[in-house]
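The values are calculated or read from the model by the stated rules, or taken from the named source; none is laboratory data. Computed from a predicted structure; not experimentally measured. Virtual Cβ from ideal backbone geometry, glycine too; neighbours counted across all protein chains shown. All accessible areas refer to the heavy atoms of the entire protein, side chains included, with ligands and DNA or RNA removed. Shrake-Rupley method; radii C 1.70, N 1.55, O 1.52, S 1.80 Å.
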Amino acid sequence: MIAVIDYDAGNIRSVEKALLSLGQEVHITGDAQEILRADKVILPGVGAFGDAMENIRSRNLEPVIRKVAEKGTPFLGICLGLQLLFERSEEAPGVKGLGLLKGEILRIPEAPGMKIPHMGWNSLHLEHDGRLFRGVEEQAYVYFVHSYYLKAEEEDIVKASTEYCTHIHASVEKGNVFACQFHPEKSSGVGLRILKNFVEL
């Protein structure tokens with residue numbers, strides 16, 4: 001069973017729909033015991049960093065997420081879910097992230113002719129042999145929607161990157177913790193392959 005953590009963030013249903021299309025049993029839940037029993041756990045999300053951390057803490061989900069990471073359950077953060085795994089974000093000064101991974105979330109810098117938020121398809125440069133990207137071709141296109149981006153402290157956890165106004169760490173992996181800044185559930189066949197790789201871990 002895959003638990004998709006419900007903390008009142010957007011985009012949860014499209015993640016559910018993609019997983020169901022792969023034949024998975026999916027529970028959207030904020031219940032600690034159900035999350036801890038799951039074979040895989042996903043933290044999706046579209047929204048603001050500060051509001052999301054407030055929701056996670058007010059629902060007492062922070063210790064649950066830590067336990068999932070500690071006991072080795074495969075865990076996937078998507079979009080805002082990636083950002084929350086890190087220590088801090090320029091979007092919400094003074095608000096601590098989950099800090100499961102080292103790094104910070106920065107605002108995408110302005111560049112001539114480039115719109116922010118970054119919305120649309122960008123190609124991925126694959127590196128460091130990421131398990132989510134088995135069978136995915138170099139320069140495959142995936143779908144992004146974001147105004148802030150990850151700068152990871154540990155370069156070797158970065159498994160995919162992209163260029164949009166700056167160099168963006170698009171996917172990371174460390175132990176049982178995985179995360180994508182892009183939306184695999186909205187990234188057509190490539191995205192479904194990435195989700196399939198995750199559910200088969």
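A few points about this structure:
- Taking every protein chain into account, the 1.4 Å probe leaves residue 67 with about 110 Å² of accessible area, to the nearest ten.
- A 1.4 Å probe run over the protein chains yields, for the chain, 44 Å² of accessible area per residue, whole-number rounding.
- Derived scalar couplings ³J(HN,Hα) [segment 107-117; Karplus, 6.51 cos²θ - 1.76 cosθ + 1.60; whole Hz; x for Gly, Pro]: 6, 4, x, 5, 8, x, x, 10, 8, 10, x
- The alpha carbon radius of gyration of segment 48-167, expressed as a multiple of 2.2 N^0.38 Å, is 1.11.
- Solvent exposure ordering (accessible area, 1.4 Å, most first) of 27, 183, 125: 125, 27, 183
- Here the chain is treated as a Stokes sphere of Kirkwood radius computed over C-alpha pairs; at 20 °C and 1.002 mPa s its diffusion coefficient rounds to 129 µm²/s.
- Binned Cα-Cα distance frequencies in segment 148-187 - 5 Å width, integer %: 6, 23, 33, 24, 11, 3, 0
- Against the empirical curve 2.2 N^0.38 Å, the C-alpha radius of gyration of segment 108-193 lands at a ratio of 1.04.
- Cα-centre dipole for the chain with unit charges at Cβ (Lys and Arg positive, Asp and Glu negative), debye to 20: 300
- Carbon + sulfur, % of accessible area of the chain - ligands and nucleic acids excluded, 1.4 Å: 47
- Convex hull of Cα atoms in segment 61-110, direction-averaged projection (nm²): 3.9
- Of 4, 95, the residue with the largest accessible area leads and the full order is 95, 4 (1.4 Å probe).
- Distance from the C-alpha centroid of segment 1-63 to that of segment 77-141: 19 Å, rounded to the whole angstrom.
- Alpha-carbon gyration tensor eigenvalues x 5, square-rooted, for segment 1-113, Å: 24, 17, 12
- Residue 53 accessible area, 1.4 Å probe, all protein chains in place, Å² to nearest 10: 0
- Take every Cα pair under 8 Å whose residues are at least 6 apart in sequence, average their separation, divide by the length of the chain, and the relative contact order is 19 percent.
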